[in-house]
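Colleague: The following block contains the structure, expressed as structure tokens.
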Amino acid sequence: MNFFDVINARYSHKENFLPEPVPFADLEKIALAGIAAPNGANRQLVRLIILPDRAALDPLCEIIRHGGLLTAPAAIAILTTDGTPPDVPNFAKEDYAAAAENMLLAAVALGYVSLWLDYPYIDASNQKRAKEALGAPDAYRLWATLPIGKPDGPGTRREKMPASERIFIGRYGLR
């Protein structure tokens, strides 16, 4: 699949996954795509936890009861350190977002679907409990998990606005 086909094929898979395991070699390729993402000031704040099977995912699912996590055969958790000195800009949010997008695209390129699942970790209690389940140090923030696998059906794709409503030339509003 060429790069632009991968971009256009990617969608947020919010339905169930097939129980078919994802080979560790594919999860590793996806994770490597994540850490290859650009990052602010080359600080390399992103840390990833590969959850290669249900045994690794189930403790997290006791806290986060989301369909994607409950049925996915694998996932990758994305964390960043919060230990940035006060005089240095912290690009943790941008770094994690770039890593997430790289991994979502890599998953599609390898024939899988995924979902950027971040909203459960906004809640401080979920954040704390999920980090404990993953063994993540206190100095890190858990931003998202990406359930990864094969879809158990076609998946629901939301319609995108036309490019003519979102892309302008030279100045806002000009086409």
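Colleague: Starting from the Cα of VAL88, step 7 Å toward the Cβ, then list every residue of the stretch 29-64 with an amide N under 20 Å from that point.
Modeller: 35-48
Colleague: Can you list the HN-Hα couplings for the stretch 50-62, worked out from phi with the Karplus curve (6.51, -1.76, 1.60; θ = phi - 60°), rounded to whole Hz and with x for Gly and Pro?
Modeller: 7, 10, x, 7, 4, 4, 7, 7, 4, x, 5, 5, 5
Colleague: Distance between Cα centroids, the stretch 68-115 to the stretch 137-153: provide it in whole Å.
Modeller: 7 Å
Colleague: So which chymotrypsin sites (Phe, Trp or Tyr not before Pro) in the stretch 134-175 are both in a DSSP loop and have at most 10 other Cβ atoms within 10 Å of their Cβ?
Modeller: TYR172
Colleague: For the stretch 25-32, in order, what is each residue's ³J(HN,Hα) by Karplus, 6.51 cos²θ - 1.76 cosθ + 1.60 with θ = phi - 60°, in whole Hz (x at glycine and Pro)?
Modeller: With coefficients 6.51, -1.76 and 1.60, one gets 4, 6, 4, 5, 4, 5, 5, 5 Hz.
Colleague: Ok, one more. Modelled label-to-label distance, LYS29 and ASP138, 7 Å Cα→beta-carbon offset: nm?
Modeller: Result: 4.1 nm between the two label points.
Colleague: Further, regarding this structure: Pulled fully out, how much extra length does the chain show between GLU159 and SER125, if you take 0.36 nm times their separation in residues and subtract their Cα-Cα distance?
Modeller: Between GLU159 and SER125, full extension yields an extra 8.9 nm.
Colleague: Next up: Can you give the Kirkwood hydrodynamic radius for the stretch 106-175, in Å, rounded to one decimal and based on Cα pairs?
Modeller: 15.8 Å
Colleague: Averaged across orientations, what area in nm² does the convex hull of the alpha carbons in the stretch 46-86 project?
Modeller: With every direction weighted equally, the projected area is 3.5 nm².
Colleague: Another question, if that's okay. Using only the Cα atoms, what convex hull volume per residue in Å³ does the chain have?
Modeller: With only Cα atoms used, the chain gives 148 Å³ per residue.
Colleague: Further question on the same structure: Whose amide H sits under 5 Å from the amide H of GLU15, counting only residues 5 or more places off or on another chain, with H placed in the peptide plane?
Modeller: The list, which skips near neighbours in sequence, is THR156.
Colleague: Continuing with this model, one more query. With charges set only on the Cβ (+1 for Lys and Arg, -1 for Asp and Glu), what does the dipole of the stretch 27-86 come to about its Cα centre, in debye to the nearest 20?
Modeller: In total the dipole reaches around 160 debye.
Colleague: Using the Cα atoms of the stretch 22-126, I'd like the radius of gyration and the largest Cα-Cα distance, Dmax, both in angstrom.
Modeller: Cα-based Rg and Dmax for the stretch 22-126 come out at 14.2, 43 Å.
Colleague: Let me spell out the model: positive unit charges on the Cβ of Lys and Arg, negative unit charges on the Cβ of Asp and Glu, origin at the Cα centre of the chain. What dipole size does that give, in debye rounded to 20?
Modeller: Its charge dipole is roughly 500 debye.
Colleague: While we're on this one: Please list, in chain and number order, the residues 5+ apart from LEU51 or on another chain whose amide H is under 5 Å from its amide H, with Hs placed from the backbone.
Modeller: Those qualifying (amide H under 5 Å, at least 5 residues apart or on another chain) are ALA75, ILE76, ALA77.
Every number in this text was worked out from the coordinates using simple rules, so none of it is lab data. In this text, all values refer to a predicted model and were calculated from it rather than measured experimentally. Methodologically, a virtual Cβ is constructed for each residue, glycine included, from the backbone with ideal geometry; neighbour enumeration extends over all protein chains shown.
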